[in-house]
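The values are calculated or read from the model by the stated rules, or taken from the named source; none is laboratory data. What you are looking at is a predicted structure, and each value in this text was computed from that prediction instead of being measured. Heads up, the Cβs are rebuilt from the backbone with ideal geometry, glycines too, and the neighbour counts pull from every protein chain shown. With ligands, DNA and RNA removed, areas are computed over all heavy atoms of the protein, side chains included. Shrake-Rupley method; radii C 1.70, N 1.55, O 1.52, S 1.80 Å.
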Amino acid sequence: QVQLVESGGGLVQAGGSLRLSCAASGRTFSSYAMGWFRQAPGKEREFVAAITWRGGNTYYADFVKGRFTISRDNAKNTVYLQMNSLKPEDTAVYYCTAHRGGSLYIPRNYNYWGQGTQVTVSS
């Protein structure tokens with residue numbers, strides 16, 4: 001069992017930065033690949049980034065490549081999402097999630113989700 005709590009969201013102007021954190025509880029955190037998804041009003045939840053359990057491999061949606069960086073600290077049971085050069089279209093609720101197997105890009109392949117943190121980017 002893994003419990004996830006996101007933090008770090010907020011209101012920022014276009015071009016600004018935010019760092020999201022996801023604190024996990026549960027002894028098995030380090031064995032999971034972890035992902036970040038987002039969901040804007042009226043839209044489906046979409047993949048943003050993922051990181052393997054040791055952090056050796058990272059994966060990004062095309063629309064965040066070069067702007068966002070996912071990382072993890074297994075000693076602190078925490079996953080991060082550094083978001084730079086934010087755009088108004090990045091406005092969404094961002095969710096941290098633990099991967100259970102299969103494609104990293106599909107929400108149904110994740111079995112633990114946080115409550116989400118709101119990111120709003122003003123133009």
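Per-structure values
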{"read-out": "Residue within the stretch 111-123 that is closer than 24 Å to Gly15 by Cβ, of a type in the set (A, V, I, L, M, F, W, C) and out of contact with any His (no Cβ under 7 Å at 6 or more places or on another chain) present", "value": "yes"}
{"read-out": "Residues being open to solvent by less than 50 Å² (accessible area, probe 1.4 Å), in contact with a helix residue (DSSP H, G or I) (Cβ under 8 Å, 6 or more places away or on another chain) and either among the aliphatic types (A, V, I, L, M) or farther than 13 Å from Ala92 by Cβ (or both) - total across the stretch 43-60", "value": "2"}
{"read-out": "Selection from the stretch 73-98 of residues that are at pLDDT 95 or above and open to solvent by 30 Å² or more (accessible area, probe 1.4 Å)", "value": "Tyr80, Gln82, Asn84, Ser85, Lys87, Pro88, Glu89, Thr91, Val93, Tyr95"}
{"read-out": "Leading residue by the ranking (nearest to the chain's Cα centre (by Cα)) among those in the stretch 86-108 that are hydrophobic (A, V, I, L, M, F, W, C) and in a strand (DSSP E or B)", "value": "Cys96"}
{"read-out": "Residues (open to solvent by less than 60 Å² (accessible area, probe 1.4 Å), part of a loop (DSSP other than H, G, I, E, B) and more than 9 Å from Val2 (Cβ to Cβ)) located in the stretch 28-42", "value": "Ala33, Ala40"}
{"read-out": "Any hit, the stretch 63-70, residues being among the aromatic types (Phe, Trp, Tyr) and out of contact with any Phe, Trp or Tyr (no Cβ under 8 Å at 6 or more places or on another chain)", "value": "yes"}
{"read-out": "Top-ranked residue in the stretch 17-27 [being loosely packed, with under 15 Cβ neighbours inside 10 Å and in contact (Cβ under 8 Å) with a residue 60 or more places away in the chain; ranked as nearest to Lys76 (Cα to Cα)]", "value": "Arg19"}
{"read-out": "Residue check, Val5 in a strand (DSSP E or B) and more than 14 Å from the chain's Cα centre (by Cα)", "value": "no"}
{"read-out": "Among (1) open to solvent by 50 Å² or more (accessible area, probe 1.4 Å); (2) within 15 Å of the chain's Cα centre (by Cα); (3) farther than 24 Å from Gly26 by Cα; (4) not hydrophobic (A, V, I, L, M, F, W, C), the one test that Asn111 misses", "value": "(3)"}
{"read-out": "Among (1) touching a strand residue (DSSP E or B) at 6+ places or on another chain (Cβ under 6 Å); (2) assigned to a strand (DSSP E or B); (3) under 21 Å from Val5 (Cβ atoms), the one test that Gly55 misses", "value": "(2)"}
{"read-out": "Test for Val64: is it among the β-branched types (Val, Ile, Thr) and closer than 16 Å to Gly116 by Cβ", "value": "no"}
